[in-house]
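Working notes for the structure below.
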There are 2 protein chains.
Amino acid sequence: MRILILGGDGYLGWATAMRFSNRGHEVHAIDNYLRRTAHWEAGTDSLTPILGSLPERAEAWRAVTGFEIGVTEGDLTDWDVLEAVCREFEPEAIVHYGEMPSAPYSMIDREHAAFTQVNNVIGTLNVLWAMRDITPDAHLVKLGTMGEYGTPNIDIEEGFIEINHKGRSDVLPYPKKPGSMYHLSKVHDSHNIEFACRIWGLRATDLNQGVVYGIETEETVLDPLLATRFDYDEVFGTALNRFCVQAVIGHPLTVYGKGGQTRGYLNIVDTLQCVELATLNPAESGEFRVFNQFTEQFSVVELAYHVQQAGRDYGIEVEVDHTHNPRVELEEHYYNAKHTKLLDLGLKPHLLSETLIESMFAAIERHKDRVIPDHIMPATEWRPPARETSPA
Amino acid sequence: MRILILGGDGYLGWATAMRFSNRGHEVHAIDNYLRRTAHWEAGTDSLTPILGSLPERAEAWRAVTGFEIGVTEGDLTDWDVLEAVCREFEPEAIVHYGEMPSAPYSMIDREHAAFTQVNNVIGTLNVLWAMRDITPDAHLVKLGTMGEYGTPNIDIEEGFIEINHKGRSDVLPYPKKPGSMYHLSKVHDSHNIEFACRIWGLRATDLNQGVVYGIETEETVLDPLLATRFDYDEVFGTALNRFCVQAVIGHPLTVYGKGGQTRGYLNIVDTLQCVELATLNPAESGEFRVFNQFTEQFSVVELAYHVQQAGRDYGIEVEVDHTHNPRVELEEHYYNAKHTKLLDLGLKPHLLSETLIESMFAAIERHKDRVIPDHIMPATEWRPPARETSPA
């Protein structure tokens, strides 16, 4: 299958590109190095060293495996880039990771909020238009986020919910109350994609993904040049990955507030499995389907205790700290999100275990000297600075 | 009250600015002439002549009434413009009409779709940031559209719906399935505004407005220089206004398809009443409330028959034509939308009558020579052009 990976230089995008290539698919990756640029600006970096440009990574992949990954360094908000690749490569599937992926980044200030929404919404609109006009039979596999739903007091269904109301009934998009300007951008995308499928007969799968953890896949371990990035800073690092780095360098685990915030989680190797399952079992023409992509639910404090316990067995002392919560969110709430559609397609989950955490410790230890401790504590506040009160 | 009108040069914005000024409020209007520019580009124009720039209209208003309306010619997507006005004028209410308001415009091509979404979403994001940082107690009165809801098979509630699901219950944002890139932009706005109220404690009222008809208000009739614009072309004209112009010039009424598309409608004088009621009865701090702003439901073909009947009494023959539907939408569907919240605040509806339609005929006849018939038939297709099938 000809598979186009948008955001192919990222944590999941690069790992996905190698996975499909390894399985014999024809793969082309696009990336504009947005994540690398944001790190340069902030003075942060991936824990794992990313030793080359995207073309150099593809060359390393070819050297190690003999497989080719085509690459384009370019921006999805630039129509000419996307149009040229779609006309030439004629993708059958488009796996779309190509967005600004950070909630804190989107909350830094007005400019970052506006950038995040324009970048994500317009990039995805361009993808929809390219599908409409160039590859109408291609299947879009779009990475959304479980964070689109927020924390409703009822069970979270997979994208749609049957509502019985005053004696009538309809199946409608699941209502959304996302928690950041970034999460909002994904909600906007979902609405735009649903519309494009309905109006133009496109096919799309929206993968509402949970928080991903893990550092290695079958392909990343083949050679140091093939490592994928691993972020642990307050802007791009996700909960478990951050905690594991904190544990290894002896920093207290930064649980925001009470830590009762419950979310869905999955291992990076299950992300690859899910994306592969969605791609190989495409949506019908005109169908907009939504899968909730995670394998287990944890509260933040449960995660922290798992890491603490694994540390005990591994021989490192791990302190759990309840820090000020920079976000505005419920710290105790009901959370029960359905996630059976990918299991029905054959997903075999790799659940979180202390062994896995310990293997993450070991992988992190190899790059321990690269950790920049200044960027671990949260700095981005959801609330505006307190206003000076005027004298009476 | 100090009231800032965004989009104060438009059909409703200009009429609203005069209304509030006439009631003794301090009014400032911002507009970037987006509508005028789009008309210039398309070779279309308002039926009523708009004889001056926004400053010239404000000057005419002062000459006729003695009241001042402050004006700024500028773009809401330009932060500096909005920041300067908010710092200087310190609005207590912000009435936000300042968006690209046309579904067909947003469906012309990729560029128009992207422009519509960026213009509307970023303009509104800027407004939210200005409120957060400059006027946190101001009340946002935002013009949304009933088109955000689409045509669900259950009753449409006002913004939120109580969902009972698997033994639990929550009140959540009403699910949306909008029908164009423009309507989607308003859905995106609604999500962003709900978030800003929840996170920053802002206060906002989202007015999901139906289709507005009518050409005159108490203020527009005071002097020809005070007329508000009146669009009848396929891009900016709305159903009843278009039908009345078609009737007057002897053009068959262009009912798209079967004409069973049912929507909410209201008279422009009721728009002014609703916006005034929402403004004088503000939302609480942190509250995001939604009012459905219309007074009656009609199907398109019902509207056409009303115009035909009024024509008979007025002495003009009106033909009803079922033309090709350029949109992708259901032409027969359930539709029952609640609209009691504005009635509860005191709205006294001016319902559609043949007398009203006849008075619109009379007003239109005065400008009959200005009609450009070339732009009455729909030209903007929701579907892409048919693809050439390759030879077997």
* Asked: Within the range A:138-150, is even one residue in a loop (DSSP other than H, G, I, E, B), under 22 Å from the mean Cα position of the chain (by Cα) and within 30 Å of B:G167 (Cβ to Cβ)?
  -> yes
* Asked: Mind checking whether some residue in the range A:264-271 is of a type in the set (D, E, K, R) and farther than 23 Å from A:Y33 by Cβ?
  -> yes
* Structure fact -> The number of residues in the range B:333-392 that are within 14 Å of chain A (Cβ to nearest Cβ) and in contact with a strand residue (DSSP E or B) (Cβ under 8 Å, 6 or more places away or on another chain) is 6
* Asked: If you check B:N164 against the conditions, is it more than 21 Å from the chain's Cα centre (by Cα), modelled with pLDDT of 95 or more and facing chain A (nearest Cβ under 7 Å)?
  -> no
* **Residue within the range A:64-76 that is in contact with a strand residue (DSSP E or B) (Cβ under 7 Å, 6 or more places away or on another chain) and within 14 Å of another protein chain (Cβ to nearest Cβ) present** => yes
* Can A:A204 be described as of a type outside the set (S, T, N, Q), in a helix (DSSP H, G or I) and surrounded by 23 or more Cβ atoms within 10 Å (Cβ to Cβ)? -> no
* To do: Looking only at the range B:333-392, count how many residues are assigned to a helix (DSSP H, G or I) and among the charged types (D, E, K, R).
  => 9
* Structure fact -> The residue that is surrounded by the most Cβ atoms within 10 Å (Cβ to Cβ), considering only those in the range A:181-201 that are more than 8 Å from chain B (Cβ to nearest Cβ) and under 25 Å from B:A196 (Cβ atoms), is A:S185
* Only one residue in B:D155, B:D133 is over 18 Å from B:Q209 (Cβ atoms), at the interface with another protein chain (Cβ under 10 Å from one of its Cβ atoms) and touching a Pro at 6+ places or on another chain (Cβ under 9 Å). Which one? -> B:D133
* With respect to B:T205, determine if the residue is farther than 14 Å from B:A363 by Cα and either hydroxyl-bearing (S, T, Y) or at pLDDT below 95 (or both). => yes
* Structure fact -> When restricted to A:V127, A:V171, the only residue more than 8 Å from every other protein chain (Cβ to nearest Cβ) and surrounded by fewer than 20 Cβ atoms within 10 Å (Cβ to Cβ) is A:V171
* Name the pairs: first residue in the range B:279-294 and among the hydroxyl-bearing types (S, T, Y), second residue not in a loop (DSSP other than H, G, I, E, B), Cβ to Cβ under 6 Å, at least 6 apart or on different chains? -> B:T279/B:A93; B:T279/B:V141; B:S285/B:R203
* Asked: Considering the range A:196-237 alone, what residues qualify as being in contact (Cβ under 8 Å) with a residue 60 or more places away in the chain, touching a Gly at 6+ places or on another chain (Cβ under 9 Å) and over 27 Å from A:Q261 (Cβ atoms)?
  -> A:C197, A:R198, A:W200, A:G201, A:L202, A:R203, A:L225
* **Odd one out for B:T340 among (1) surrounded by 14 or more Cβ atoms within 10 Å (Cβ to Cβ); (2) modelled with pLDDT of 95 or more; (3) β-branched (V, I, T)** => (1)
* To do: Would you please name the residue that is farthest from B:I5 (Cα to Cα), looking only at residues in the range B:77-101 that are under 17 Å from the mean Cα position of the chain (by Cα) and either crowded, with 24+ Cβ neighbours inside 10 Å or at pLDDT below 95 (or both)?
  => B:P101
* Structure fact -> Checked against (1) among the acidic types (D, E); (2) out of contact with any strand residue (DSSP E or B) (no Cβ under 8 Å at 6 or more places or on another chain); (3) within 14 Å of another protein chain (Cβ to nearest Cβ), B:D233 satisfies every condition except (3)
* Structure fact -> Filtering the range B:17-33 down to residues that are more than 23 Å from B:H367 (Cα to Cα) and in a helix (DSSP H, G or I) yields B:A17, B:R19, B:F20, B:S21, B:N22
* Structure fact -> Taking the range B:51-95 and keeping residues assigned to a strand (DSSP E or B) and within 20 Å of B:H25 (Cβ to Cβ) leaves B:I69, B:G70, B:V71, B:T72, B:A93, B:I94, B:V95
* Asked: How many of the residues in the range B:212-239 are outside any helix (DSSP H, G or I), under 16 Å from B:D270 (Cβ atoms) and not aromatic (F, W, Y)?
  -> 9
* **Single residue of A:H112, A:H139 found to be surrounded by fewer than 22 Cβ atoms within 10 Å (Cβ to Cβ), touching a helix residue (DSSP H, G or I) at 6+ places or on another chain (Cβ under 8 Å) and over 19 Å from A:K176 (Cα atoms)** => A:H112
* Structure fact -> Restricting attention to the range A:79-111, the residues that are within 14 Å of chain B (Cβ to nearest Cβ) and either without any contact (Cβ under 8 Å) to a residue 12 or more places away in the chain or of a type in the set (S, T, N, Q) (or both) number exactly 5
* Asked: Can you pull out the residues in the range B:157-171 that are under 15 Å from B:D206 (Cβ atoms) and out of contact with any Asp or Glu (no Cβ under 8 Å at 6 or more places or on another chain)?
  -> B:E157, B:E158, B:F160, B:I161
* Asked: Can you pull out the residues in the range A:216-234 that are surrounded by 24 or more Cβ atoms within 10 Å (Cβ to Cβ) and aliphatic (A, V, I, L, M)?
  -> A:A227
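The values are calculated or read from the model by the stated rules, or taken from the named source; none is laboratory data. This one's a predicted model, so the numbers in the text were calculated from it and none came from an experiment. For neighbour counting, all protein chains shown are included, and Cβ atoms are generated from backbone atoms with ideal geometry for every residue, glycine included.
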